[in-house]
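Got a structure for you, questions after.
The values are calculated or read from the model by the stated rules, or taken from the named source; none is laboratory data. Predicted, not measured: the structure shown is a model, and the values here were computed from it. Cβ placement follows ideal geometry from the backbone for every residue including glycine, while neighbour counts extend to all protein chains displayed. Please note that ligands, DNA and RNA were not included when accessible areas were found on the heavy atoms of the full protein model with its side chains. Shrake-Rupley method; radii C 1.70, N 1.55, O 1.52, S 1.80 Å.
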Amino acid sequence: AAAAAYGLSSTATSFPTSHEKVQQYDTPYFIDNKFVKSAATQYIDLHDPATNELITRVPQNTDEELQAAVRSAEKAFKGWSETSVLHRQQIMFKLVALIRENWDRLAASITLEQGKTFADAKGDVLRGLQVAEAACGAPELLKGEVLEVAKDMETRTYREPLGVVAAICPFNFPAMIPLWCIPVATITGNTLILKPSERDPGAAMILAELCQKAGFPEGVVNIVHGAHRTVNFILDEPAIKAVSFVGGNKAGEYIFSRGSANGKRVQANLGAKNHAAVLPDCNKNQFLNAVVGAAFGAAGQRCMALSTLVMVGETKDWLPELAERAKALQVNGGFEEGADLGPVISPQSKERIESLIASAEQEGATILLDGRGFKPAKYPNGNWVAPTIISNVTPHMKCYKEEIFGPVLVCLNVDTLDEAIDLINANEYGNGVAIFTRSGPTAETFRRRIEAGQVGINVPIPVPLPMFSFTGNKKSIAGGGASTFYGKPGINFYTQLKTVTAMWTSADAISKKADVAMPTHS
Ligand code: NAD
């Protein structure tokens, strides 16, 4: 009943399919497998980015509520960590099936709260679902190693859960990022406190309901809300052993240092400025479509958005054609048929993006395609920025140095591949990069010398599938990338390695004298 009262009453077949005003509700938090209304005195208003109509109020959970969520997770840990990995795997199979059944419903929540198109929101869910599917392989991934050191001695390793762990999520992938954490943290035997972005917690709330339906015991997955106060609570709470963060550099660098100083494991994926080097020998048509999709899809609000083009030699002459294709994209409400990109998340974000475009103009760049001032007829009040291309950009300009996180492509010119590599490597960020070429040796040289963590060869957004790991580099990941999300490194992040050495000496070998020298295993 609580869920129904707070807007979680939709089912796999009934959910919003338009931006029409929905009945406003307060987002509950999720503790002990129940949706509970917060006693909060502070709320954060959440508006549909296409209309700026109020959808829900997200509570800043009280300290007592945050404490209760940790106690719930602590209480659940013993029982959950002692269940067999096969039992946890069965629950994960059910969660996977439920996410598939509720795929459209999750996507609709994302379109409504985050703004991305329905088709793109389905991709957001899918990329998270794939992590849950891969997590079902935990019995294989959790296997330890064993070595028979000598005829009477062996050493073996175990991967044990950490305890209560926490996740702090960004607004841009409301399903995918929670699903980078929930499956891997729980299948390894931990219990989890997850804080979705206060700007779009709806998908995480649906995932909580699906976790409960899949059979997770009470307290294994808890969802709390809020902004900095909740983050500080997580960072300072001694019972929380590890923190996963995805978001921008300002919050992420702070979270990494405060969490680490408090003795927690922290993995933190941060901001980006992803470049593509385009060579004259590439397949031009494929390049044009790939870059337009990767620069402007999701209104440029992806950490792997291709936001910076390095045009080698005569490829700069392709810019007018690129602009034609970008101009043909439909900017509209995410539920509308044929929409290619939706609004940006907030009026503040729109203002920030527009001011970065203005700064480029002031610094002498050319605004080749100007998306400022655009409004789709049906949604005059949304946070619209249409595709924008800025050419003749140089590395000292603000629009090059800062992550724009909007539908804006900045273009720089160089003469050679070497210059392109040097320019890209001089950038502080190192999340993703792409090269467009038909030459194997050129691609190989680029692959070897480039410093970004995820390289696409004729692939514009090379996000690794979950059997690999998300491997940003440089300023795009805190802690030098020692800890990365999902895949085998994700399993390692959420587990403590224990090494056991056992000796079973035969009776006749028992000596009366202690051996005090360091054993040599000879
Ligand atoms: P954000 O950093 O503003 O917010 C992320 C989370 O941190 C939210 O839950 C928010 O409540 C919290 N937070 C924000 N500011 C805080 C502060 N000062 N102190 C404590 N907590 C704070 O990020 P966002 O705007 O939601 O997401 C966009 C950013 O995330 C972009 O920079 C993007 O590149 C990055 N991102 C990175 C990846 C990756 O894998 N590298 C993936 C997705 C998004």
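Among the numbered conditions (1) in a helix (DSSP H, G or I); (2) within 24 Å of residue 333 (Cα to Cα), tell me where residue 358 comes up short.
Going through (1) in a helix (DSSP H, G or I); (2) within 24 Å of residue 333 (Cα to Cα) one by one, residue 358 breaks only (2).
Scan region 217-239 for residues that are in contact with a helix residue (DSSP H, G or I) (Cβ under 6 Å, 6 or more places away or on another chain) and either open to solvent by less than 10 Å² (accessible area, probe 1.4 Å) or basic (Lys, Arg) (or both) and jot them down.
Within region 217-239, 219, 220, 221, 222, 223, 224, 235 qualify.
If you don't mind, there's one more thing I want to ask. Residues in region 85-108: is at least one farther than 20 Å from residue 206 by Cα, in a helix (DSSP H, G or I), out of contact with any Leu (no Cβ under 7 Å at 6 or more places or on another chain) and among the small types (Gly, Ala, Ser)?
no
Looking at region 98-119, can you tell me whether even one residue there is open to solvent by 50 Å² or more (accessible area, probe 1.4 Å), more than 21 Å from the chain's Cα centre (by Cα) and modelled with pLDDT of 95 or more? Outline the logic, then answer.
So in region 98-119, the residues open to solvent by 50 Å² or more (accessible area, probe 1.4 Å) come out as 100-101, 103-104, 118-119.
Of the ones still in play, those that are also more than 21 Å from the chain's Cα centre (by Cα) are 101.
If we keep only those that are modelled with pLDDT of 95 or more as well, we get 101.
Checking region 98-119: at least one residue is open to solvent by 50 Å² or more (accessible area, probe 1.4 Å), more than 21 Å from the chain's Cα centre (by Cα) and modelled with pLDDT of 95 or more.
Can you name the residue in region 240-257 that is assigned to a helix (DSSP H, G or I) and within 9 Å of the ligand (Cβ to nearest atom) and, of all such residues, is most open to solvent (accessible area, probe 1.4 Å)?
Keep residues of region 240-257 that are assigned to a helix (DSSP H, G or I), which gives 249-257.
Add one more test, that the residue is within 9 Å of the ligand (Cβ to nearest atom), and what stays is 249-252, 254-255.
Details: 249: 21, 250: 181, 251: 45, 252: 0, 254: 91, 255: 4 Å².
Going through the qualifying residues, I end up with 250.
Of everything in region 170-203 that's more than 9 Å from the ligand (Cβ to nearest atom) and small (Gly, Ala, Ser), which residue is farthest from residue 121 (Cα to Cα)?
189
All but one of (1) over 23 Å from the mean Cα position of the chain (by Cα); (2) among the small types (Gly, Ala, Ser); (3) buried (at least 22 other Cβ atoms within 10 Å of the Cβ) hold for residue 135; state the number of the condition that does not hold.
If we test residue 135 against (1) over 23 Å from the mean Cα position of the chain (by Cα); (2) among the small types (Gly, Ala, Ser); (3) buried (at least 22 other Cβ atoms within 10 Å of the Cβ), just (1) comes out false.
Only one of 309, 322 is over 24 Å from the mean Cα position of the chain (by Cα) and more than 16 Å from the ligand (Cβ to nearest atom). Can you tell me which?
Working: 309 fails: over 24 Å from the mean Cα position of the chain (by Cα).
The conditions single out 322.
Give region 258-270 a look and list any residue that's buried (at least 22 other Cβ atoms within 10 Å of the Cβ) and either in contact with a helix residue (DSSP H, G or I) (Cβ under 7 Å, 6 or more places away or on another chain) or of a type in the set (Phe, Trp, Tyr) (or both), or say none.
Selection gives 259, 266, 267, 268, 270.
Looking only at residues that are within 22 Å of residue 319 (Cβ to Cβ) and crowded, with 20+ Cβ neighbours inside 10 Å in region 341-368, which one is farthest from the chain's Cα centre (by Cα)?
365
In region 258-273, which residue that is part of a loop (DSSP other than H, G, I, E, B) and within 20 Å of residue 164 (Cα to Cα) is farthest from the ligand (Cβ to nearest atom)?
263
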